[in-house]
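Shown next, in structure tokens, is the structure this report addresses.
The values are calculated or read from the model by the stated rules, or taken from the named source; none is laboratory data. Quick caveat, the model's predicted, so the values are computed rather than measured. Positions of Cβ are generated from backbone atoms using ideal geometry, with glycine treated the same way; all protein chains shown enter the neighbour counts.
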Amino acid sequence: MLIKASAITNLTDARYFAAKEVAFLGFNLEENTEGYLDPMHMKAIREWVEGPQVVGEFSRASMSYVREAAAFFGLDAVQVPVSAQEGDWSVLEGLTVIASVDGSLSEIDAILEEKAPYVAYFLVDMSGQIDPATGFITHLDAWKQRCARYPVLIRADVAAPQWPELLAALQPAGIDLAGGEEERVGVKSFDEIEAIFDALEEMSE
């Protein structure tokens, strides 16, 4: 199961997820947005970890800026939102592109089809599509078809025991897990994330 770790802001998170052999470590490099990390701090963190590809996460920047940032900071991949970016996607040609998608968009099928030629993975936020109490997925058949047709990474606010059933139903390319703040420098509890990894491991056995 491919895993992307998003919004990494500290070395503690980076080391933890790298040890879990995630495919991607994402850093929010968009100034004046929540969770922004100075690119110099990102570069310092990446020197201490090996394995995952480093993703620059952007939310409002132009395509040309994203392209320049990818080259300047030596990013392995970039993440941009499909709904906010109306620029020329061909500018990102040659880069590994992760396109973030709001799962509640009514025109989502048209968006996926239009952007597919430029995108390696679609990161779909399904938080609003899943009942947190039961794990029930709205429009399950439609989402199964989308996951079968496109390389989808799922972001969902569900408890660890619900992940196996969710993933078995959708069969996505992978999932997205978010980093968080440290309790103090170098100290953080990973109990909730660890429970998800345990659930994923049980699935593969």
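A few remarks follow.
- Residue pairs meeting the criteria (Cβ under 6 Å; at least 6 apart or on separate chains; first assigned to a helix (DSSP H, G or I), in segment 159-187; second modelled with pLDDT of 90 or more and surrounded by 16 or more Cβ atoms within 10 Å (Cβ to Cβ)): Ala160/Ile196; Ala160/Ala199; Trp163/Ile196; Trp163/Ala199; Pro164/Ala199; Leu170/Trp143; Leu170/Cys147
- Residue within segment 137-146 that is in contact (Cβ under 8 Å) with a residue 12 or more places away in the chain, more than 23 Å from Leu200 (Cβ to Cβ) and among the polar types (S, T, N, Q) present: no
So that you can scan it fast, the table gives a plain yes or no per residue for (1) farther than 30 Å from Asp198 by Cβ; (2) acidic (Asp, Glu):
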{"position": "Ala5", "(1), (2)": "no, no"}
{"position": "Thr9", "(1), (2)": "no, no"}
{"position": "Arg15", "(1), (2)": "no, no"}
{"position": "Ala19", "(1), (2)": "no, no"}
{"position": "Glu30", "(1), (2)": "yes, yes"}
{"position": "Met40", "(1), (2)": "yes, no"}
{"position": "Glu68", "(1), (2)": "yes, yes"}
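- Flag for Lys4 being modelled with pLDDT of 95 or more, of a type in the set (Lys, Arg) and touching a Gly at 6+ places or on another chain (Cβ under 8 Å): yes
- Any hit, segment 28-44, residues being at pLDDT below 95, surrounded by fewer than 21 Cβ atoms within 10 Å (Cβ to Cβ) and in contact with a Gly (Cβ under 6 Å, 6 or more places away or on another chain): no
- Applying the set (1) farther than 18 Å from Val80 by Cβ; (2) within 15 Å of the chain's Cα centre (by Cα) to Leu29 leaves exactly one unmet item: (1).
- Meets criteria (under 30 Å from Ala159 (Cα atoms) and at pLDDT 90 or above) for Val119: yes
- Residues in segment 90-108 that are of a type outside the set (A, V, I, L, M), under 15 Å from Met126 (Cβ atoms) and at pLDDT 90 or above: Ser100 only.
- Val66 vs. criteria within 12 Å of the chain's Cα centre (by Cα) and either surrounded by 21 or more Cβ atoms within 10 Å (Cβ to Cβ) or under 25 Å from Glu31 (Cβ atoms) (or both): no
- Within segment 108-122, considering residues that are among the acidic types (Asp, Glu) and under 11 Å from Tyr150 (Cβ atoms), the one surrounded by the most Cβ atoms within 10 Å (Cβ to Cβ): Asp109
- 3 or more residues touching a residue at least 40 places away in the same chain (Cβ under 8 Å): qualifying helices (runs of 4 or more DSSP H) within segment 1-116: 11-19
- Output for segment 45-84, where each listed residue is at pLDDT below 95 and among the polar types (S, T, N, Q): Ser59, Ser62, Ser64, Ser83
- Number of positions in segment 51-63 that are under 17 Å from Val101 (Cβ atoms), surrounded by 14 or more Cβ atoms within 10 Å (Cβ to Cβ) and not hydrophobic (A, V, I, L, M, F, W, C): 2
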